[in-house]
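The values are calculated or read from the model by the stated rules, or taken from the named source; none is laboratory data. Just so it is clear, the model here is predicted, and its values are computed rather than measured. Positions of Cβ are backbone-derived with ideal geometry, glycine not excepted, and every protein chain shown enters the neighbour counts. Please note that ligands, DNA and RNA were not included when accessible areas were found on the heavy atoms of the full protein model with its side chains. Shrake-Rupley method; radii C 1.70, N 1.55, O 1.52, S 1.80 Å.
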There are 2 protein chains.
Amino acid sequence: MIKLGVLISGSGTNLQAIFDSIEKKTLDAEVAVVISNKAEAVGLERAKKAAVPTHFVDHKKFADRASFDSAVVDVLRDHKVDWVVLAGFMRIVTPMLLDSFPNRVVNIHPSLLPAFPGAHAHRDAIAYGVKISGCTVHLVDAGTDTGPILAQAVVPVSEGDDEASLAQKVLYVEHQLLPRVLQQAAEGRISVEPGKDGERARVRIRA
Amino acid sequence: MIKLGVLISGSGTNLQAIFDSIEKKTLDAEVAVVISNKAEAVGLERAKKAAVPTHFVDHKKFADRASFDSAVVDVLRDHKVDWVVLAGFMRIVTPMLLDSFPNRVVNIHPSLLPAFPGAHAHRDAIAYGVKISGCTVHLVDAGTDTGPILAQAVVPVSEGDDEASLAQKVLYVEHQLLPRVLQQAAEGRISVEPGKDGERARVRIRA
């Protein structure tokens, strides 16, 4: 069993997928705390319904990213978190947070990285005209959506798809993929080999 | 029925897939001519076995890309080609060729574009550590692997995969995807809408 700290900014549907998987006993984890940088994030309500402690940490009250992250790390440590999950958390995290949970910060991004990083993945995918998109669960590193990939899942893009319909399709597979990867973490199957000679770090997931 | 001109540089396994689909009558096309820029390309033997005219056009004998392309266009026109297929053709084509067959030059690339363009798609995909790769059939434009996408297909990347094993897996889906797209071309279902206001051109494939 691992303790998760989940960081959100919005509706928290991936947080809900985590709660649902825990309830179905397909994910052997406990959400120890949910932190939002937005007071009105619907995900905070989901957490309260699940009787999980919530914290609103207002990024506007901090002088810089690192001091905001420092406050977040304090909350995560108070709740003895093992793994940190960025689930629609719309802030860039700093080495302050990453170094506190080395190779234990996971993000879910709504594209097949390295294609379409950044905050407008679906818009960019539709504009490019790809026929396949999907989502990526990866370890977070200092870059934006650049960290070692843990898992990916695909969806077909249809002629009639727009940003909204693609987002909906991809969310469906996000909700399946993220709990599956977290279960691999819970089973202690994820390890990271540092990159040699300028190569990227590599993830190993033991069978 | 459409007449194809197929450009190759090597073994021509995608050319073989085209021949096989024509024989199985799942592709209503005729390969009118196969052109190689390499005299020793195995694909030329495949063409001869299929009783298809072949031409070796030695790019080293031309002063520049455009004059090489001009010679290629002459051969394609002599054989009344409707669509041009780059099937492992390792030369960058110029506007000379593209303007002669507007929106009728198709390339197959062994990655899910826009990820991993260029000549080392599999090596780059393995180095990045993606869990999903695949192939892309697209119309050729003036960029390298940047043209409007017609179709994509995926393969899973396993922990043990290297450049060679990934190439083999992706080739398998290439051989299915390319003839399928060419059949859409044969049925006159492919149209291109030019991009407005700096947007990319868009492909429509009618049902």
Subject >> Accessible area that becomes buried as B packs against A, both chains, 1.4 Å probe, Å², nearest 100 >> reply: 2200 Å²
Original post:
Over the protein assembly as shown, what is the percentage of antiparallel beta bridges among all DSSP beta bridges, to the nearest 5?
Top reply: 45 percent
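With +1 on each Lys and Arg Cβ and -1 on each Asp and Glu Cβ, and nothing else charged, work out how big the dipole of chain A is about its Cα centre, in Debye to the nearest 20.
About 380 debye.
What is the dipole size for the range B:159-207, taken about its Cα centre, with +1 at each Lys and Arg Cβ and -1 at each Asp and Glu Cβ, in debye to the nearest 20?
Charge dipole, the range B:159-207, about its Cα centre: 520 debye, nearest 20.
Please list, by residue number, every one of the GluC sites (Glu not before Pro) in the range A:1-109 that is coil in DSSP and has at most 13 other beta-carbon atoms within 10 Å.
Those that pass, being in a loop and sparsely packed, are A:E40.
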Original post:
To the nearest 500 deg cm²/dmol, what mean residue ellipticity at 222 nm is calculated for chain B from DSSP H runs of n ≥ 4 alone, each contributing -39,500 (n - 2.57), summed and divided by the residues?
Top reply: -10500 deg cm²/dmol
Original post:
For the range A:161-207, which residues drop by 10 square angstrom or more in accessible area between the chain on its own and all protein chains together (1.4 Å probe)?
Top reply: A:R200, A:R202, A:V203, A:R204, A:I205
Original post:
Name the residues of the range A:120-159 whose accessible area, probed at 1.4 Å, falls by at least 20 Å² once all protein chains are in place instead of their chain on its own?
Top reply: A:I126, A:A127, A:Y128, A:G129, A:V130, A:K131, A:I132, A:I149, A:Q152, A:V154, A:E159
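Net charge within 11 Å of A:Y128 by Cβ-Cβ distance, Lys/Arg positive one each and Asp/Glu negative one each, not counting A:Y128 itself?
Once all neighbours under 11 Å are counted, the net charge is +2.
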Original post:
What residue among B:G143, B:G118, B:G12 shows peak mean-square fluctuation when chain B is described by a Gaussian network model with Cα springs under 10 Å?
Top reply: B:G143
Original post:
Anyone know which of A:S67, A:S21, A:S133 comes out most mobile in the 10 Å Cα GNM of chain A?
Top reply: A:S67
**OP:** Rounded, prolate or oblate: pick one for the range B:54-156, where a ≥ b ≥ c are the square roots of the eigenvalues of its C-alpha gyration tensor, a/c under 1.5 means rounded, and failing that, prolate if a/b is larger than b/c, else oblate.
**Re:** prolate
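Express the carbon and sulfur contribution to the solvent-accessible surface of chain A as a percent, rounded to the nearest whole number, probe 1.4 angstrom.
Answer for chain A is 52 percent, counting heavy atoms of protein chains only.
How high is the relative contact order of the range A:15-168, in percent, counting Cα pairs under 8 Å that sit 6 or more residues apart?
Relative contact order of the range A:15-168: 15 percent.
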Original post:
Put a point 7 Å out from Cα along the line to Cβ at A:K3; what are the distances to that point in the other copies, in nm, shortest first?
Top reply: 7.5
Original post:
Using alpha-carbon positions, what is the distance between the centroids of the range A:151-207 and the range A:1-57, in Å?
Top reply: 19 Å
**OP:** Could you give me the percent of Cα pairs per 10 Å distance bin for the protein assembly as shown, shortest bin first, beginning at zero and ending with the bin that holds the maximum distance?
**Re:** 4, 21, 26, 20, 14, 9, 5, 0
**OP:** Answer rounded, prolate or oblate for the range B:2-205, using the Cα gyration tensor with square roots of eigenvalues a ≥ b ≥ c: rounded when a/c is under 1.5, else prolate when a/b is larger than b/c, else oblate.
**Re:** rounded
Original post:
Under a 1.4 Å probe, what is the accessible area of chain B per residue, stated in Å²?
Top reply: 46 Å²
Subject >> HN-Hα J in Hz across the range B:150-157 - Karplus 6.51, -1.76, 1.60, θ = phi - 60°, x for Gly and Pro >> reply: 9, 6, 9, 9, 10, 9, x, 9
